[in-house]
Amino acid sequence: MSDPIWTPSPERVAAANLTAFIREVNGRYGINLSDYDGLHRFSVDSPDRFWGAVWDFCEVIAEARGECVVDDPARMPGARWFPDARLNFARNLLRRTDSEPALIELREDGRRRSSSFRELYERVSRLSQLMRSQGVGIGDRVAAYAPNISEAVVGMLAATSLGAIWTCCSPEYGTAAAVERIGQLTPKLLLTADGYLYGGRHFDLLPRVREIVSQIPSIRRVLVVPLSDAIPAIESIPGAVIWENALASFSPRQIEFESLPFDHPAFVLFSSGTSGAPKCILHSAGGVLLENLKSHALQFDVKAGDRVYMSCASGWVVWNIMLVALGCGATVVLYDGSPFFPHRDQLVRQAADERVTLVRWPVRYVETLAKEGFEPHKEHDLGALRTLLCSGSVFNAEGYRYVYEHVKRDVHLVSPSGGTDSCGSLVSGHPIGPIWAGEIQALALGMKVETLDEHAHPLRGAPGELVVTGAFPSMPVSYWNDPDGSRYRNAYFSHFTGVWRHGDWAEITERNGVIIHGRSDSTLNARGVRIGPAELYQQVSRVPQVAECVAVAQAWEGDSRVILFVKLQPDAAWDETLAQSIRVIIRDNLSPRHVPARIIAVPDIPITVTGKVSEAAVHNAVNGREVTNLNALANPQALTYFTPAQLPQLRS
């Protein structure tokens, strides 16, 4: 057995929230848990006792909790959590009202703004009053089309304080994509900005906002944040008003938080939309709150006074997850801009400058730093950093080694996997045990995660479908406009009856860690052997000339074959020698069966607006199928490189 790549010190274990929680659970229930694995078993065998303990440990603020924690936990979907509880999501995130920073807002042009917990409360108070004056109430929708700025946070908290449903579409989405998402929800209010910066370029949002409002007649009022111009030209946008002008007549006062059921819908998150129209996934206030208080406090060890910075867009689930750190008393750092501008190591610099204790970097960002030879531990002071999250795609063993050799030797590295559907992580980390390179540390607490073969038999030590076989609080309430629940059930529960199928192809190891091999709907059949594309990507990442790659299955002569596409570094040239070196690396480190039938160099590879390589879009293009939602892609023009008509290699 290989040695772990990191083991926490005894002092770190003793100081962890998780250690205190285990001690509290033992005392509360008269049991003797001694490690994470024991706590995880307890969390899935006794969900009522576990989640009740989480509620108290995280000090959930509620008008009432009730005696019942979960009604019929074996029922999926349909289990009800805390059915007698009454609470408010925003109230729990606005628990601090002192002068310490709540939000630190960074911009690509170097501007920085800080809001204290008291100032954040007052900003939310004023906006919630404005929303009430506009007729926004329980169950109404408030939408944002805005970058990752503090006004978006204030908007979310104001909306949820009233019991309204919040949704946000990042401005990286074009007009059609925004209308396709926001329009389904018929919002009363739209929060936006006049523009944003990315990669040194200014993007004007007002023409898009004008078109969005013209196509969504339910929008009564548009609040515009002036980021680019002091006085934006908004006269042609119906119902538009400058943010501060709209709030001018409202003074801060005590917020009237609506007390609502645990399962009251609070958020709509959108599916990626790369394989069809984006789904509107409705999440509950209590589920999102409790799941992510647990994650921050127990899996990530966030404490009051910490600084949490998760690089993400405002319309992504990570944004919602990040903001729950406010409920732990932590400061949240926001950034509006490119991770590579004006410096290639921009996110590292910000984490060092702001003395961040927990940072999230996309896997693609870390891989780029490694490829370009950055050594952050030599160039930046990351002394405050305790926890590093790397997520967004599969993080391989080389990435782990790069972090511990070149970023920080004593850091808790977590590569959580979950996402929009669960609004939390199914597999995650914890701060009191060792980490092995390339292996996600643990099954998340409260998540009864298993891997199944095609006959629904549990697996260990072999890849299978990642599933959840017990109910969990952050399971979606429903889909929007799905009155009989058929679309919702079909999305998660149709493959294995009564079991949540998450869509990852994964392996649970002998240490109860997890290796993700890719999405199960994008697994490859290499001469009869089913493999995850992440296995190929891990090997190809060793080739310095390759910047990015994607592998898909192409239907071929009554069977299928694997095609590997590579995007080269700017200074690299494609030839048969390079192609052969890739084949050799794959053959020697995996097997001859894993060697792709074709390796093709392309100028670009399509990625989603959230920064993930879109295997689904490439698969459809290669197989001559229509890519149904180009709006979900940041660079849809890249698909032109993947059609059989353009590539003779796909026709022979």
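The values are calculated or read from the model by the stated rules, or taken from the named source; none is laboratory data. Worth saying up front: this structure is predicted, and the values here are computed from it rather than measured. Please note: Cβ atoms are built from the backbone with ideal geometry, for glycine as well, and neighbour counts cover all protein chains shown.
Do we find a residue being part of a strand (DSSP E or B), under 28 Å from MET475 (Cα atoms) and touching a helix residue (DSSP H, G or I) at 6+ places or on another chain (Cβ under 8 Å) anywhere in the stretch 118-135? No, there is no match, as no residue in the stretch 118-135 is part of a strand (DSSP E or B), under 28 Å from MET475 (Cα atoms) and touching a helix residue (DSSP H, G or I) at 6+ places or on another chain (Cβ under 8 Å). For the stretch 567-574, the condition of being touching a helix residue (DSSP H, G or I) at 6+ places or on another chain (Cβ under 9 Å), over 21 Å from TYR173 (Cβ atoms) and part of a helix (DSSP H, G or I) holds for none of the residues. Among the residues making up the stretch 414-438, those that are over 18 Å from ILE321 (Cβ atoms) and either in contact with a helix residue (DSSP H, G or I) (Cβ under 6 Å, 6 or more places away or on another chain) or surrounded by 21 or more Cβ atoms within 10 Å (Cβ to Cβ) (or both) are ILE432, GLY433, ILE435, ALA437, GLY438.
Where helices (runs of 4 or more DSSP H) sit wholly within the stretch 1-66, those with at least 3 residues that are closer than 15 Å to LEU290 by Cα occupy 47-57. If a residue must be on the phi > 0 side of the Ramachandran plot and of a type in the set (Lys, Arg), how many such residues does the stretch 424-479 contain? Selection size over the stretch 424-479: 0. Residue selection: LEU103 fails the criterion of being within 24 Å of LEU227 (Cβ to Cβ), in a helix (DSSP H, G or I) and not polar (S, T, N, Q). All of ASP381, ASP421 fail the test of being of a type in the set (D, E, K, R) and more than 23 Å from the chain's Cα centre (by Cα), apart from ASP381.
Taking ASP98 as the residue in question, decide whether it is touching a residue at least 12 places away in the same chain (Cβ under 8 Å), of a type in the set (Asp, Glu) and farther than 30 Å from ARG349 by Cα. Considered against the rule, which asks whether it is touching a residue at least 12 places away in the same chain (Cβ under 8 Å), of a type in the set (Asp, Glu) and farther than 30 Å from ARG349 by Cα, ASP98 comes out as no.
Residue count for the stretch 403-438 under the criterion of being in a loop (DSSP other than H, G, I, E, B) and either outside the structural domain of SER478 (by TED's automatic domain parsing) or not basic (Lys, Arg) (or both): the result is 17. Going by the structure shown, is GLU172 touching a residue at least 60 places away in the same chain (Cβ under 8 Å), surrounded by fewer than 24 Cβ atoms within 10 Å (Cβ to Cβ), under 25 Å from ASP482 (Cα atoms) and out of contact with any Asp or Glu (no Cβ under 6 Å at 6 or more places or on another chain)? Here the answer is no, as GLU172 does not meet what is asked.
Candidates in the stretch 471-488 are the residues that are over 22 Å from the mean Cα position of the chain (by Cα) and touching a residue at least 40 places away in the same chain (Cβ under 8 Å); of these, the one that is nearest to TRP505 (Cα to Cα) is ARG487. Scan the stretch 11-24 and report the pairs whose first residue is at positive phi and whose second residue is buried (at least 20 other Cβ atoms within 10 Å of the Cβ), with Cβ atoms within less than 9 Å and a gap of 6+ or a chain change. Cβ pairs passing all conditions: none. Number of residues in the stretch 597-629 that are within 25 Å of GLY337 (Cβ to Cβ) and of a type in the set (A, V, I, L, M): the value is 4. A single entry from TRP500, TRP480, TRP556, TRP505 fulfils the requirement of being among the aromatic types (Phe, Trp, Tyr), modelled with pLDDT under 90 and in the same structural domain as ASP453 (by TED's automatic domain parsing): TRP505. Residues in the stretch 1-23 that are over 19 Å from VAL411 (Cβ atoms), more than 30 Å from the chain's Cα centre (by Cα) and not aliphatic (A, V, I, L, M): SER2, ARG23.
Of all residues in the stretch 310-338, those satisfying the criterion of being free of Cβ contacts under 8 Å to residues at least 60 places away in the same chain and over 28 Å from VAL179 (Cβ atoms) are ALA325, ALA330.
Checking each residue in the stretch 347-357 for being free of Cβ contacts under 8 Å to residues at least 60 places away in the same chain and of a type in the set (S, T, N, Q) picks out only THR357.
For the stretch 627-649, residues that are of a type outside the set (A, V, I, L, M), out of contact with any helix residue (DSSP H, G or I) (no Cβ under 7 Å at 6 or more places or on another chain) and modelled with pLDDT of 85 or more total 6. Of the set (1) surrounded by 22 or more Cβ atoms within 10 Å (Cβ to Cβ); (2) free of Cβ contacts under 8 Å to residues at least 12 places away in the same chain, all apply to LEU443 but (2).
Pull up the stretch 117-159, narrow it to residues that are within 16 Å of LEU323 (Cβ to Cβ) and either polar (S, T, N, Q) or free of Cβ contacts under 8 Å to residues at least 12 places away in the same chain (or both), then point me to the one that is surrounded by the fewest Cβ atoms within 10 Å (Cβ to Cβ). Step by step, filter the stretch 117-159, then rank; the result is SER150. Considering only residues that are in a loop (DSSP other than H, G, I, E, B) and in contact with a Pro (Cβ under 9 Å, 6 or more places away or on another chain), which ones fall in the stretch 374-396? LEU382, ARG386, GLY392, SER393, VAL394, listed by residue number. Of the candidates VAL467, VAL540, the single residue that is closer than 19 Å to CYS390 by Cβ and of a type in the set (Val, Ile, Thr) is VAL540.
For (1) out of contact with any Phe, Trp or Tyr (no Cβ under 9 Å at 6 or more places or on another chain); (2) more than 24 Å from GLU367 (Cα to Cα); (3) outside any loop (DSSP other than H, G, I, E, B), each residue gets a yes or a no:
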| residue | (1), (2), (3) |
| --- | --- |
| GLN554 | yes, yes, yes |
| ARG561 | yes, yes, yes |
| PHE565 | no, no, yes |
| ALA579 | yes, no, yes |
| ASP604 | no, no, no |
| THR610 | no, no, no |
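Do we have any residue at all in the stretch 159-175 that's farther than 19 Å from VAL241 by Cα, of a type in the set (Phe, Trp, Tyr), within 22 Å of the chain's Cα centre (by Cα) and at pLDDT 95 or above? Yes, because at least one residue in the stretch 159-175 is farther than 19 Å from VAL241 by Cα, of a type in the set (Phe, Trp, Tyr), within 22 Å of the chain's Cα centre (by Cα) and at pLDDT 95 or above. Of all the criteria given as (1) surrounded by 24 or more Cβ atoms within 10 Å (Cβ to Cβ); (2) without any contact (Cβ under 8 Å) to a residue 40 or more places away in the chain; (3) part of a loop (DSSP other than H, G, I, E, B), the one not satisfied by PRO187 is (2).
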